[in-house]
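For reference, the structure is listed below as structure tokens.
The values are calculated or read from the model by the stated rules, or taken from the named source; none is laboratory data. Given the structure is predicted, the values throughout are model-derived calculations rather than measurements. Here the Cβ positions follow ideal geometry from the backbone for every residue, glycine too, while neighbour counts run over all protein chains shown. Keep in mind that these areas ignore ligands, DNA and RNA; they rest on the heavy atoms of the full protein, side chains included. Shrake-Rupley method; radii C 1.70, N 1.55, O 1.52, S 1.80 Å.
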Amino acid sequence: MLLIFFSVNLIKLAKCLSLSLAEAEVRFFVAGTSNTNVRLRSRRANNNGLCSFCGHDEDVVHLFLACPRAQSFWSLLPVNSSSVSTIEHLWSITLPSPALPNQKLHSTIITCLLWNVWKCRNAKVFNNVNDSNGDIFRRCGGDLLLWANRANSAPARLCLDNWSSFLRAM
């Protein structure tokens, strides 16, 4: 049986995330447990289901790919998020330099980017703070420095350090 939750194939996404060096709770969050406004509304929470950035229904695909706020973020990498139809497809896109020598590091970068888009959303929802793309990229860089300590090889740590520097410079 194929599990689909708000346009997210959980089995496929779990396989992508299993490679990531991100902390377990981050991988768990990205795997579809995020309480988007549409999900909260479906659970009868006191919520209108709308995106805090643009007013459209906020499901997982909207939040991470379709929202103009998310598209602004992805365009700086440059990734055309409007051409990415599902979250799982992010694991097959080509990212700009620095080079990513394997799928585990690619998965770690994608997970980090998604995690920080979520933190940007939460800053808006809970504190009415509009993070800049630079703020998001700096947080990504900080997370990657932390997650580099989970890498089991010096080349992997160096790759994540290079990505950290790359993102913090954006």
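Of all residues in the range 104-142 being small (Gly, Ala, Ser) and either open to solvent by less than 10 Å² (accessible area, probe 1.4 Å) or without any contact (Cβ under 8 Å) to a residue 24 or more places away in the chain (or both), which is farthest from Asp161 (Cα to Cα)?
Residue satisfying both the conditions and the ranking: Ala123.
Checking the structure you have, find out if any residue of the range 150-164 is crowded, with 16+ Cβ neighbours inside 10 Å, under 19 Å from Arg69 (Cβ atoms) and touching a residue at least 40 places away in the same chain (Cβ under 8 Å).
Among the residues of the range 150-164, not one is crowded, with 16+ Cβ neighbours inside 10 Å, under 19 Å from Arg69 (Cβ atoms) and touching a residue at least 40 places away in the same chain (Cβ under 8 Å), which makes the answer no.
Quick check: anything in the range 69-85 modelled with pLDDT of 90 or more and under 20 Å from Leu146 (Cβ atoms)?
The answer is no, given that none of the residues of the range 69-85 is modelled with pLDDT of 90 or more and under 20 Å from Leu146 (Cβ atoms).
For the range 55-67, which residues satisfy the criterion of being without any contact (Cβ under 8 Å) to a residue 40 or more places away in the chain and either of a type in the set (A, V, I, L, M) or open to solvent by 10 Å² or more (accessible area, probe 1.4 Å) (or both)?
Answer for the range 55-67, where residues must be without any contact (Cβ under 8 Å) to a residue 40 or more places away in the chain and either of a type in the set (A, V, I, L, M) or open to solvent by 10 Å² or more (accessible area, probe 1.4 Å) (or both): Gly55, His56, Asp57, His62, Leu65, Ala66.
Name every residue in the range 123-137 that is closer than 14 Å to Leu113 by Cβ and touching a Ser or Thr at 6+ places or on another chain (Cβ under 9 Å), in order of residue number.
If the condition is that a residue be closer than 14 Å to Leu113 by Cβ and touching a Ser or Thr at 6+ places or on another chain (Cβ under 9 Å), then Asn133 is the only one that fits.
Do we have any residue at all in the range 90-99 that's farther than 17 Å from Gln71 by Cβ and part of a helix (DSSP H, G or I)?
Scanning the range 90-99 turns up at least one residue that is farther than 17 Å from Gln71 by Cβ and part of a helix (DSSP H, G or I).
Would you point out the residue of the range 127-155, among those that are under 14 Å from the mean Cα position of the chain (by Cα) and among the hydrophobic types (A, V, I, L, M, F, W, C), that is farthest from Asn102 (Cα to Cα)?
Among them, the one singled out is Ile136.
So which of Ala70, Ala99 is of a type in the set (Gly, Ala, Ser) and either farther than 25 Å from Phe166 by Cβ or buried (at least 19 other Cβ atoms within 10 Å of the Cβ) (or both)?
Going through Ala70, Ala99 in turn, the sole match is Ala70.
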